[in-house]
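Below: one structure, written as structure tokens.
The values are calculated or read from the model by the stated rules, or taken from the named source; none is laboratory data. Given the structure is predicted, the values throughout are model-derived calculations rather than measurements. Neighbour counts run over all protein chains shown; Cβ positions are idealised from the backbone, glycine included. Only protein heavy atoms, including side chains, enter the accessible area calculation; ligands, DNA and RNA are left aside. Shrake-Rupley method; radii C 1.70, N 1.55, O 1.52, S 1.80 Å.
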There are 2 protein chains.
Amino acid sequence: MSTAQGARARARIEVTATIKDEARRQLAAEGAAKLSLRAVARELGMVSSALYRYFASRDDLLTALIIDAYDSLGESAEHAHAALAQARPMERWVTVCEAARGWALAHPHEYALIYGSPIPGYTAPQATVPAASRVGLLLIGITRDAHRGPGLTGPALADELRPEAERIAADLAPDLPPETATALVAAWAQLFGLIGFELFGQFNRVVEDRERFFRHAVTQLARGVGLD
Amino acid sequence: MSTAQGARARARIEVTATIKDEARRQLAAEGAAKLSLRAVARELGMVSSALYRYFASRDDLLTALIIDAYDSLGESAEHAHAALAQARPMERWVTVCEAARGWALAHPHEYALIYGSPIPGYTAPQATVPAASRVGLLLIGITRDAHRGPGLTGPALADELRPEAERIAADLAPDLPPETATALVAAWAQLFGLIGFELFGQFNRVVEDRERFFRHAVTQLARGVGLD
DNA sequence: CACAAACGAGAGCACCGCTCTTGCTCCGAC
DNA sequence: GTCGGAGCAAGAGCGGTGCTCTCGTTTGTG
């Protein structure tokens, strides 16, 4: 169904990919703000209006790039994780975090696109959700594995937070204690806080040996969700 | 020296402030991407070229807004903190964090400007540094107070991180143990990770009761730096 | 084979940041 | 007190942007 779909459909897919590639090139080179449909078209030898056959608007193109970026990051993390699926959860956790950081450092503008500020009138399209979850799912899986054996839970929960914590656990990982699930979500956000601060220059003149600092910080994060 | 500086200088200051106000209005309404010099000028009844007497470029205007935003956030946090300067460090810590979150929720676009992705060809101007440090200084002060009495330190430091940790401590707070100073820097980044995730929609369909979740998470952050 | 859908090209609209030139106005030094 | 220079607003204009509309052409299908 997907292969012999006629030359037209195939051409369309190919052109779409070419446009995204060139757009990604410009994104990496200059950042999202300077990504210009006209420049993409120019570089591809088309006229700008022709691009609108493939993407309804500049924001649409950007959205496509966002999804690709989430997927690229997710794939990178999954790949790193797969290489040591048998290791201790703590090692796997640190590895996934380091893969995310490595990807972010290698693709700063794409990282900014997905974890930086929402650009236009925002409201992230629903279509991005699955791609966006991949790193999170990895962390959930690792934590779940770690909790298979001993039953140590996270820090005590205030009464007022308990309903929410139970809801989070039920949604994310029903087999995890609410304390752990909550700590996990927090760790997830905090991980990207660390990466963002490094990437966006907030650590300038503060943290020098960022690699080691990061490793230490995410290790602590892991301890917070019960790994060791 | 600042009052009777001649009508010309005074007018210049006033016009500059008016421009920033209108720019801030547009920033709050539409986001940084749609902040247009021409629109600001139009709204002010000037012609666009006249604005260039006051700001050398759009990026210059944005930089001025960034500094103001840092100051606004810092002032908001300092104000909240001052109200309970006598309380226990933990309470003060949580209060400062909540003030930062509150400010961010109230000024999402300004928050995105300072803690989101760097917009233009980036490289945050050096002039932003003092304003940007205010929340961090608050957290350092609280932690320092907490460590005045008992001598409990943070989590053990791997040997490989020790030199960096000692450097961080020496730079930031020489009277704090390196373990604590390192944890503090991490907590600082993680705090804004939490705020950013909530603000930029990453918590949609994940965390519902964000207020309580946040309070819990920053309490844990505080524990990580030795408060209780 | 014919017809409709998909497509590329081009012109054009409204907007953008920024520059340059032109006069006016006000301030301060003489 | 005057007069020149600095500061200022205005306008026109340049090259760029996203996006729309129209117009032939290609192309796959009923």
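Numbers for the structure displayed
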{"read-out": "Members of segment A:53-67 that are away from DNA strand C (no atom under 13 Å from the Cβ) and free of Cβ contacts under 8 Å to residues at least 24 places away in the same chain", "value": "A:S57, A:D60"}
{"read-out": "Any chance B:P130 is assigned by TED's automatic domain parsing to the domain that holds B:L194, within 15 Å of DNA strand D (Cβ to nearest atom) and modelled with pLDDT under 95", "value": "no"}
{"read-out": "Elements of type helices (runs of 4 or more DSSP H) in segment B:5-102, at least 1 residues being open to solvent by 60 Å² or more (accessible area, probe 1.4 Å) and more than 16 Å from DNA strand D (Cβ to nearest atom)", "value": "B:6-30, B:58-82"}
{"read-out": "Contacts under 9 angstrom Cβ, first residue in segment A:117-131 being surrounded by 18 or more Cβ atoms within 10 Å (Cβ to Cβ), partner at pLDDT below 80, 6 or more apart", "value": "A:S117/B:I119; A:P118/A:A124"}
{"read-out": "Selection count, segment A:151-194, where residues are at the interface with another protein chain (Cβ under 9 Å from one of its Cβ atoms), open to solvent by 30 Å² or more (accessible area, probe 1.4 Å) and more than 24 Å from B:G116 (Cα to Cα)", "value": "7"}
{"read-out": "Residue match in segment B:6-19 (condition: over 18 Å from B:G116 (Cα atoms) and touching a Ser or Thr at 6+ places or on another chain (Cβ under 6 Å))", "value": "no"}
{"read-out": "Filter result for A:D228 (in a loop (DSSP other than H, G, I, E, B) and either touching a residue at least 12 places away in the same chain (Cβ under 8 Å) or in the same structural domain as A:A104 (by TED's automatic domain parsing) (or both))", "value": "yes"}
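For (1) under 18 Å from the mean Cα position of the chain (by Cα); (2) within 12 Å of DNA strand C (Cβ to nearest atom), each residue gets a yes or a no:
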{"residue": "A:G6", "(1), (2)": "no, yes"}
{"residue": "A:E30", "(1), (2)": "no, no"}
{"residue": "A:A39", "(1), (2)": "no, no"}
{"residue": "A:L51", "(1), (2)": "no, yes"}
{"residue": "A:L73", "(1), (2)": "yes, no"}
{"residue": "A:E78", "(1), (2)": "yes, no"}
{"residue": "A:A82", "(1), (2)": "yes, no"}
{"residue": "A:W93", "(1), (2)": "yes, no"}
{"residue": "A:P108", "(1), (2)": "yes, no"}
